[in-house]
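One structure below.
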Amino acid sequence: MKTRRTTLAVVLIALSALSGACLAKDKAATPDETGARAATLTRFDAAVHGDTSLLESLLADDLDYCHSNGDCQGKRAYIDSMKTGTMKYRSIEPTIDSAKLLGQVAVILGHAKVNATRDGAELNMQIGFTSVLVWRAGRWQLTSWRSLTLPDAPAK
Amino acid sequence: MRRLLPVLFVLLATAAMGASRGDEAAARATVLARFDAALRADTGALERLLADDLDYCNFRGECESKRQYIDELKTGVLRYAAIAPTVEKVKLFADTAAVTGKVTATATRAGVQRTIHAAYLAVLVWRDSRWQLTSWSTTLLELNETK
């Protein structure tokens, strides 16, 4: 009888510890829509300011960044293009159209007016974008980006 | 009680791991099956392959819902003549997958035939024990239009 009681107590303590750990985890990690929207807007801001150290934390290591011309870059190549000035954003005016939360992943749809220089060529365009963020290390990180030039854009 | 412990452990482990999840091969297969269903206007298959919260954004940046996309195929407003897709990369995030690739498709929409070559990003979500397309967007690489 005593053994049975001891075993029951151990099981209850284990269950309690497990649920406590789950609750603590939930409190620490809160991947919500507001945070995903904010991370998206902060990323635009960091790009305009060429803030590469902020980009290091906002971009996932497995980033696939695909531009409106179809060219894709990884995280290193994208950040390096800003460091070297190959890509220079002068202004980005973004609008988020929708945000969808899928557990630890968020899909953001939006459009933006972009003024930039790429390889010395002026870019002045309206783009549509899909941004996929993943919740890692307690923050949203951009893991996939795809944009397209919207048809009525006054592309130069 | 001692005999119940292994059972309890299994239950806890199962709960911690969650329900069975889709893998990369199944995500690829779902993307290709979706192209195939669109080509054959198989709306029954599309009902299962498309998530109810689908955002289907075409190469012009116009987005449609699941109902709108399926209705276009049902009514013949959109009719595919050929689709040649490739899957280049699959990234798995537990119950979500981001799939990228390229596609060349010939389709008639509202009487205008177009052949497009585009790069795409498909986001799949694992629901009801299958992958479902929840977000689709394309970047146009080349366009040929015949009116």
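The values are calculated or read from the model by the stated rules, or taken from the named source; none is laboratory data. The model shown is predicted, which means the values in this text are computed figures rather than measured ones. We place every Cβ from the backbone using ideal geometry, glycine too, and count neighbours over all the protein chains shown.
When the criteria are applied in full, A:ALA28 meets the requirement of being modelled with pLDDT under 95, more than 14 Å from chain B (Cβ to nearest Cβ), over 27 Å from B:ALA51 (Cβ atoms) and out of contact with any Lys or Arg (no Cβ under 8 Å at 6 or more places or on another chain). B:ALA37 meets the conditions (1) at pLDDT 95 or above; (2) farther than 20 Å from A:VAL132 by Cα; (3) not in a helix (DSSP H, G or I) in every case but one. The failed one is (3). Here the condition is being polar (S, T, N, Q) and under 14 Å from the mean Cα position of the chain (by Cα); of B:THR75, B:THR86, B:THR115, B:THR104, it holds for B:THR86 alone. When we screen B:ALA119, B:ALA105, B:ALA98 for residues that are among the aliphatic types (A, V, I, L, M), away from chain A (no Cβ under 12 Å) and part of a strand (DSSP E or B), the only hit is B:ALA105. Could you list, in sequence order, the residues of segment B:70-83 that are in contact with a Phe, Trp or Tyr (Cβ under 9 Å, 6 or more places away or on another chain) and part of a strand (DSSP E or B)? Selection gives B:LEU78, B:TYR80, B:ILE83. Taking the criterion of being at pLDDT below 50 and hydrophobic (A, V, I, L, M, F, W, C), the residues of segment B:6-34 that qualify are B:VAL7, B:LEU8, B:PHE9, B:VAL10, B:LEU11, B:LEU12, B:ALA13, B:ALA15, B:ALA16, B:MET17, B:ALA19. Scanning segment B:122-147 for residues that are part of a strand (DSSP E or B), without any contact (Cβ under 8 Å) to a residue 60 or more places away in the chain and more than 9 Å from chain A (Cβ to nearest Cβ) yields B:GLU142, B:ASN144, B:GLU145, B:THR146. Of all residues in segment B:61-103, those being free of Cβ contacts under 8 Å to residues at least 40 places away in the same chain and touching a Pro at 6+ places or on another chain (Cβ under 8 Å) number 2. The set of residues in segment A:104-156 that are at pLDDT 95 or above and small (Gly, Ala, Ser) comprises A:ALA106, A:GLY110, A:ALA112, A:ALA116, A:GLY128, A:SER131, A:ALA137, A:GLY138, A:SER144, A:SER147. Scanning segment B:104-147 for residues that are in contact with a Gly (Cβ under 7 Å, 6 or more places away or on another chain) and either among the aliphatic types (A, V, I, L, M) or within 14 Å of B:ASN58 (Cα to Cα) (or both) yields B:ALA119, B:TYR120, B:THR139, B:LEU141.
Filter segment B:84-95 down to the residues that are surrounded by 16 or more Cβ atoms within 10 Å (Cβ to Cβ), part of a strand (DSSP E or B) and not β-branched (Val, Ile, Thr), then identify the one that is farthest from the other protein chains (Cβ to nearest Cβ).
So the first thing to find is which residues in segment B:84-95 are surrounded by 16 or more Cβ atoms within 10 Å (Cβ to Cβ), and the list is B:85, B:87, B:90-93, B:95.
Subset that is part of a strand (DSSP E or B): B:85, B:87, B:90-93.
Checking the rest, the ones that are also not β-branched (Val, Ile, Thr) come to B:85, B:91-93.
Numbers: B:PRO85: 16, B:LYS91: 6, B:LEU92: 10, B:PHE93: 5 Å.
Here the answer is B:PRO85.
Taken together, A:ALA112, A:ALA106 contain a single residue that is surrounded by 15 or more Cβ atoms within 10 Å (Cβ to Cβ) and away from chain B (no Cβ under 11 Å), which is A:ALA112. Would you be able to say whether some residue in segment A:63-76 is more than 14 Å from chain B (Cβ to nearest Cβ), within 22 Å of B:LYS91 (Cβ to Cβ), without any contact (Cβ under 8 Å) to a residue 60 or more places away in the chain and surrounded by fewer than 14 Cβ atoms within 10 Å (Cβ to Cβ)? Checked against the condition, which is being more than 14 Å from chain B (Cβ to nearest Cβ), within 22 Å of B:LYS91 (Cβ to Cβ), without any contact (Cβ under 8 Å) to a residue 60 or more places away in the chain and surrounded by fewer than 14 Cβ atoms within 10 Å (Cβ to Cβ), segment A:63-76 yields at least one hit. Scanning segment B:36-68 for residues that are crowded, with 20+ Cβ neighbours inside 10 Å and on the phi > 0 side of the Ramachandran plot yields a total of 1.
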